[in-house]
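The values are calculated or read from the model by the stated rules, or taken from the named source; none is laboratory data. Because the structure is a prediction, the values reported are computed rather than measured. Reconstructed Cβ throughout: ideal geometry from the backbone, glycine too, with neighbour counts over all protein chains shown.
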């Protein structure tokens, strides 16, 4: 999951507001998939012409939080990205 074996794992939640269009949800999941991260929950709701989506992970490398948030913000139609990181879950260790 991480190149750095001592990197802390944190709980994280990303909330995205974007223009509602077909294909949005799959594009929102791409930044996680390309980093081998599997969200623990995904929720989305249409609000008129916009969509609000929340993607949460119980544990992800701390260093990836800002990278994923940046990738989400680069998606066409995204209006706002909020990234919240929670407490340190544990330190990753080498196998």
- Message: Criterion first (modelled with pLDDT of 95 or more and within 21 Å of residue 77 (Cβ to Cβ)) does residue 12 satisfy it?
- Response: no
- Message: Quick check on this structure: which one of 43, 13 is surrounded by fewer than 19 Cβ atoms within 10 Å (Cβ to Cβ), closer than 16 Å to residue 83 by Cα, touching a strand residue (DSSP E or B) at 6+ places or on another chain (Cβ under 8 Å) and touching a residue at least 24 places away in the same chain (Cβ under 8 Å)?
- Response: 13
- Message: Pull out all pairs, ordered by first then second residue, where Cβ-Cβ is under 7 Å, the residues are six or more apart or on different chains, the first lies in region 48-60 and is free of Cβ contacts under 8 Å to residues at least 12 places away in the same chain, and the second is crowded, with 17+ Cβ neighbours inside 10 Å.
- Response: none
- Quick one: count up the residues across region 72-88 that are within 9 Å of the chain's Cα centre (by Cα) and either part of a helix (DSSP H, G or I) or under 20 Å from residue 23 (Cα atoms) (or both). 1
- Is it fair to say residue 6 is touching a residue at least 60 places away in the same chain (Cβ under 8 Å) and in a loop (DSSP other than H, G, I, E, B)? yes
